[in-house]
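A.B. asks: Please see the structure below; I have some questions.
The values are calculated or read from the model by the stated rules, or taken from the named source; none is laboratory data. The structure presented is a predicted model; accordingly, all values stated were derived computationally and were not measured. Cβ placement follows ideal geometry from the backbone for every residue including glycine, while neighbour counts extend to all protein chains displayed. To get the accessible areas, we keep the full protein, side chains included, count just its heavy atoms, and leave off ligands, DNA and RNA. Shrake-Rupley method; radii C 1.70, N 1.55, O 1.52, S 1.80 Å.
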Amino acid sequence: MNALLWLKRLALGALALLVAYQVWLFGWVLWWNWVDPDTTRFMSIRLEELRARDPQAQLQKQWIAYPRISVNLKRAIIAAEDARFVDHEGFDWEGIQKAIEKNQKKGRVVAGGSTISQQLAKNLFLTPARTPWRKAEEAVITLMLESVWSKQRILEVYLNVIEWGDGIFGAGAAARHYYGISAAQISPEQAARLAGIVPNPRFYDRNRNAPGLARKTAIILARMPAAEVP
């Protein structure tokens, strides 16, 4: 009987900790709706990796307000990452189904189906590990973001926190790193190329003339006119 009582107490304690953790996450989601995030979990992980090689290493990042980011880059990112971004509520079920079918056909994971909102949830709070727990937590945070933030705020934060190269985070740093210009000056062709870099930024930072990147750039450029921007 005592053992059963302790098991119940442990279960209740674990549940209380889980609820407290979700409340803590939601507090940050509320705060970042009004205050720009200075750092993210992904940034912290990358900085730790960089400082393992160079203790003085720093990330390159600069917050750029939504109106000062080229509409070309906004269109390119939506065209490349999440064509239904303005319409869905955090999850693109059709895209997920297509990704599953594609992966089954290839016999390995070649497509993810994650939306911009899901990717932002992961970048802000989680790790790159592909575990059931992380995917479940990603879904919960995605619902939090979609319930509190506007689509414009989600895209603004996403464009400012994603990785675009070795220690390069956000549209402002990416525009300077690759083209020596501001985020407002990015052309359609440059935007399409930057969007093509996002899935594998460190590789493309080292291999800027990779044939695969050129093909992806052309595809994204063709899709951009149809991309709806919030």
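A.B. asks: Give me the pairs: first residue in the stretch 120-142 and surrounded by fewer than 18 Cβ atoms within 10 Å (Cβ to Cβ) and in a helix (DSSP H, G or I), second residue modelled with pLDDT under 95 and among the polar types (S, T, N, Q), beta-carbon distance under 9 Å, and six or more apart or on different chains, which are they?
C.D. replies: So the pair list comes out as R134/T127; V140/Q22.
A.B. asks: Also: Checking the structure you have, find out if any residue of the stretch 199-211 is over 22 Å from K61 (Cα atoms) and either in contact (Cβ under 8 Å) with a residue 12 or more places away in the chain or part of a loop (DSSP other than H, G, I, E, B) (or both).
C.D. replies: Yes, the conditions are met somewhere in the stretch 199-211.
A.B. asks: Looking at G113 and the list (1) modelled with pLDDT under 95; (2) on the phi > 0 side of the Ramachandran plot; (3) open to solvent by 50 Å² or more (accessible area, probe 1.4 Å), which single condition is not satisfied?
C.D. replies: G113 satisfies every listed condition except (3).
A.B. asks: Quick one: count up the residues across the stretch 61-91 that are touching a Ser or Thr at 6+ places or on another chain (Cβ under 9 Å), assigned to a loop (DSSP other than H, G, I, E, B), closer than 15 Å to Q152 by Cβ and of a type in the set (D, E, K, R).
C.D. replies: 1
A.B. asks: A further question on this structure: Identify all residues within the stretch 60-86 that are open to solvent by 30 Å² or more (accessible area, probe 1.4 Å), among the charged types (D, E, K, R), touching a residue at least 40 places away in the same chain (Cβ under 8 Å) and closer than 24 Å to G113 by Cα; write none if there are none.
C.D. replies: R75, E81
Yes or no, residue by residue, for (1) within 30 Å of W164 (Cα to Cα); (2) assigned to a helix (DSSP H, G or I); (3) open to solvent by 40 Å² or more (accessible area, probe 1.4 Å):
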{"residue": "L10", "(1), (2), (3)": "no, yes, yes"}
{"residue": "W31", "(1), (2), (3)": "yes, yes, yes"}
{"residue": "P37", "(1), (2), (3)": "yes, no, no"}
{"residue": "Q58", "(1), (2), (3)": "yes, no, yes"}
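A.B. asks: Does the stretch 196-216 contain any residue that is in contact with a Ser or Thr (Cβ under 8 Å, 6 or more places away or on another chain) and surrounded by 16 or more Cβ atoms within 10 Å (Cβ to Cβ)?
C.D. replies: Yes: the stretch 196-216 contains one or more residues that are in contact with a Ser or Thr (Cβ under 8 Å, 6 or more places away or on another chain) and surrounded by 16 or more Cβ atoms within 10 Å (Cβ to Cβ).
A.B. asks: Let me ask another. Do you know which residues across the stretch 145-169 are farther than 22 Å from S70 by Cα, open to solvent by 20 Å² or more (accessible area, probe 1.4 Å), assigned to a helix (DSSP H, G or I) and not polar (S, T, N, Q)?
C.D. replies: If the condition is that a residue be farther than 22 Å from S70 by Cα, open to solvent by 20 Å² or more (accessible area, probe 1.4 Å), assigned to a helix (DSSP H, G or I) and not polar (S, T, N, Q), then E146, V148 are the ones that fit.
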